[in-house]
Amino acid sequence: MSSRAQRVGVLGAGQLALMLAQAAQPLGVEVICAGAAGDCAGRVAPLVEVDLEDRVAVQAFADTVDVVTIESENISANVLGGLPLFPNARAIGIAQERLAEKRFFHECGIDTAPFAPIDKLEDFTAAFAITGLPAILKTRRLGYDGKGQVRLTSVADAEAAWSEVGGAPSILEGVVPFTSEVSLLASRNRHGDTVYYPLIQNFHRDGILRTSLVPCNAPEVPGLQARAETYVARLLERLDYIGTLAVEFFLAGHRLIANEMAPRVHNSGHWTIEGAQTSQFSNHLRAILDMPLGSTASRPMAMLNCIGTMPPAHETESFRQLSRHDYGKQPRAGRKVGHLTFPRDAVADIEFWRHRLEESC
Ligand code: AMP
């Protein structure tokens, strides 16, 4: 039997691939990333330049590793066939298409915002009857961080919204009057063993995640964690899912309403690096390599995203409870360039940095 380290190939080489590579080291696992020259994961892992639209090139990359995984669901379905891929192509396909995703939630008995497909301007009339107003038009594909989304407050907004999304196949969704946004992360291995992290409360601005808190600050809703786990278990089982899955929910009163799922490690779980016994990255690798999963026992944490620019190291270094993650990306408006993690009892530090990052990002 060969004693060489198991090799995981990641399609994509951004910060999620970078943190997967960091988690791989203590497991004795090798992570190799497929991406473009200069992508940030290349700082910590071998980076192979691969055109992720080129089926032959992706297959050639996959031939050099034991298993393949992804760091973004927005990857062409036509390169995924025939790869030793975890999670599987069906799970990725559903998560990358909002209409299929919403229908799948319903098949699993999980509530969503009211929605209707929009393929042409004339579809709005019937759609408004389902969604009511206000509503949000979202492109079915390639939407992330609030991109490809337009809010409508009156029927007269339809034409402008439709032109703003360039007439791309879309869905219209009713706006959910949520009290908070939460996400549940789970990891499932090839034996079907599953672990869940505590529910995370998320705060977005301009469609981009800014802050994640664990445990949730939301008003106590009895049985919420168990209900979320039941929902996510249904998704995992029906998809025969292997790896880490993130599901984002709106909490409206006591109702838990699914918004979307990400078939990968997720920004709202970055606090698990310092705050959980086993991080989401480690459990993703364990799951796809058929290792026993690690404990998700967690302590209260806060995670703040650095959007656009990273605060200089000399400003963060005197905060002894702060863990700084600089992805090494070029500054750019709206771009996730790093994050800061704190134990929740560092209340003054969290508030200081929340304001500081809000001013600068
Ligand atoms: P998404 O790209 O679907 O995750 O949307 C980005 C953010 O927009 C969400 O995290 C919410 O803050 C907001 N949002 C999206 N869809 C809805 C909805 N149906 N009702 C209310 N807010 C929404």
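Out of the strands (runs of 3 or more DSSP E) lying entirely within segment 294-361, which hold 1 or more residues that are open to solvent by less than 20 Å² (accessible area, probe 1.4 Å)?
On the way: elements: 301-307, 323-326, 336-343.
Those strands (runs of 3 or more DSSP E) span 301-307, 336-343.
Across segment 94-122, which residue is nearest to the ligand (Cβ to nearest atom) among those that are buried (at least 17 other Cβ atoms within 10 Å of the Cβ) and in a helix (DSSP H, G or I)?
Across segment 94-122, the extreme among qualifying residues is Arg98.
With respect to Ala45, determine if the residue is in a strand (DSSP E or B), more than 30 Å from Glu229 (Cα to Cα) and open to solvent by less than 50 Å² (accessible area, probe 1.4 Å). Full working, then the answer.
Values: in a strand (DSSP E or B): no; more than 30 Å from Glu229 (Cα to Cα): yes; open to solvent by less than 50 Å² (accessible area, probe 1.4 Å): yes.
In short, no.
From the set of residues in segment 147-167 that are within 12 Å of the ligand (Cβ to nearest atom) and open to solvent by less than 30 Å² (accessible area, probe 1.4 Å), which is farthest from Leu99 (Cα to Cα)?
Step one: list which residues in segment 147-167 are within 12 Å of the ligand (Cβ to nearest atom), which gives 147-152.
Going one step further and asking which of them are open to solvent by less than 30 Å² (accessible area, probe 1.4 Å), we end up with 150, 152.
Values: Val150: 16, Leu152: 19 Å.
If we take residues in segment 147-167 being within 12 Å of the ligand (Cβ to nearest atom) and open to solvent by less than 30 Å² (accessible area, probe 1.4 Å), then Leu152 is farthest from Leu99 (Cα to Cα).
For Trp271, which of the numbered conditions (1) surrounded by 24 or more Cβ atoms within 10 Å (Cβ to Cβ); (2) more than 15 Å from the chain's Cα centre (by Cα) fails to hold?
Here Trp271 meets the rest and fails (2).
What residue, of Ala21, Ala41, Ala91, is within 29 Å of Ala116 (Cβ to Cβ) and within 18 Å of the chain's Cα centre (by Cα)? Step through it out loud before you land on a result.
On the way: Ala21 fails: within 29 Å of Ala116 (Cβ to Cβ); Ala41 fails: within 29 Å of Ala116 (Cβ to Cβ).
After ruling out the rest, the residue left standing is Ala91.
Looking only at segment 50-71, count how many residues are part of a loop (DSSP other than H, G, I, E, B) and touching a strand residue (DSSP E or B) at 6+ places or on another chain (Cβ under 8 Å).
Going through segment 50-71 one residue at a time, the tally reaches 6.
Name the strands (runs of 3 or more DSSP E) wholly within segment 183-266 that hold at least 2 residues that are within 27 Å of Leu293 (Cα to Cα), more than 16 Å from the ligand (Cβ to nearest atom) and modelled with pLDDT of 95 or more?
On the way: elements: 194-196, 200-205, 208-214, 243-252, 255-262.
Passing ranges, in order: 194-196, 243-252.
With the checklist (1) in contact with a helix residue (DSSP H, G or I) (Cβ under 7 Å, 6 or more places away or on another chain); (2) open to solvent by 10 Å² or more (accessible area, probe 1.4 Å); (3) polar (S, T, N, Q) in hand, flag the one item Thr64 doesn't pass.
(1)
If a residue must be open to solvent by 60 Å² or more (accessible area, probe 1.4 Å) and of a type in the set (Val, Ile, Thr), how many such residues does segment 212-242 contain?
1
Of all residues being among the charged types (D, E, K, R) and exposed (fewer than 15 other Cβ atoms within 10 Å of the Cβ) in segment 50-61, which is farthest from the chain's Cα centre (by Cα)? Just the residue, please.
Only one residue fits best here, namely Asp54.
Here is a list: Arg141, Arg90. Which entry is part of a helix (DSSP H, G or I) and either aliphatic (A, V, I, L, M) or within 16 Å of Glu260 (Cα to Cα) (or both)?
Numbers: Arg141 fails: part of a helix (DSSP H, G or I).
Only one candidate passes the filter, namely Arg90.
Taking the condition of being surrounded by fewer than 18 Cβ atoms within 10 Å (Cβ to Cβ) and of a type in the set (Phe, Trp, Tyr), how many residues in segment 197-211 meet it?
1
From the list Val79, Val68, which residue is over 20 Å from the mean Cα position of the chain (by Cα) and of a type outside the set (Phe, Trp, Tyr)?
None of the others qualify; the one that does is Val79.
So, of the residues in segment 1-30 that are open to solvent by 10 Å² or more (accessible area, probe 1.4 Å) and assigned to a strand (DSSP E or B), which turns out to be nearest to His270 (Cα to Cα)?
Here the answer is Glu30.
Give the residue that is nearest to Ser268 (Cα to Cα), with candidates limited to residues of segment 221-248 that are of a type in the set (Gly, Ala, Ser) and in contact with a strand residue (DSSP E or B) (Cβ under 8 Å, 6 or more places away or on another chain).
Within segment 221-248, the subset of a type in the set (Gly, Ala, Ser) is 223, 226, 228, 233, 243, 246.
Then drop every residue that is not in contact with a strand residue (DSSP E or B) (Cβ under 8 Å, 6 or more places away or on another chain), which leaves 228, 233, 243, 246.
Details: Ala228: 16, Ala233: 19, Gly243: 16, Ala246: 9 Å.
In this case the residue turns out to be Ala246.
Residue-wise test of (1) of a type outside the set (A, V, I, L, M, F, W, C); (2) in contact with a strand residue (DSSP E or B) (Cβ under 6 Å, 6 or more places away or on another chain).
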| site | (1), (2) |
| --- | --- |
| Ser180 | yes, yes |
| Asp193 | yes, no |
| Gln201 | yes, yes |
| Pro215 | yes, no |
| Ala262 | no, yes |
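The values are calculated or read from the model by the stated rules, or taken from the named source; none is laboratory data. In this text the structure is predicted, and so the values were computed from the model without any measurement. A quick note on method: Cβ atoms are made from the backbone with ideal geometry, for glycine too, and the neighbour counts reach across all protein chains shown. Keep in mind that these areas ignore ligands, DNA and RNA; they rest on the heavy atoms of the full protein, side chains included. Shrake-Rupley method; radii C 1.70, N 1.55, O 1.52, S 1.80 Å.
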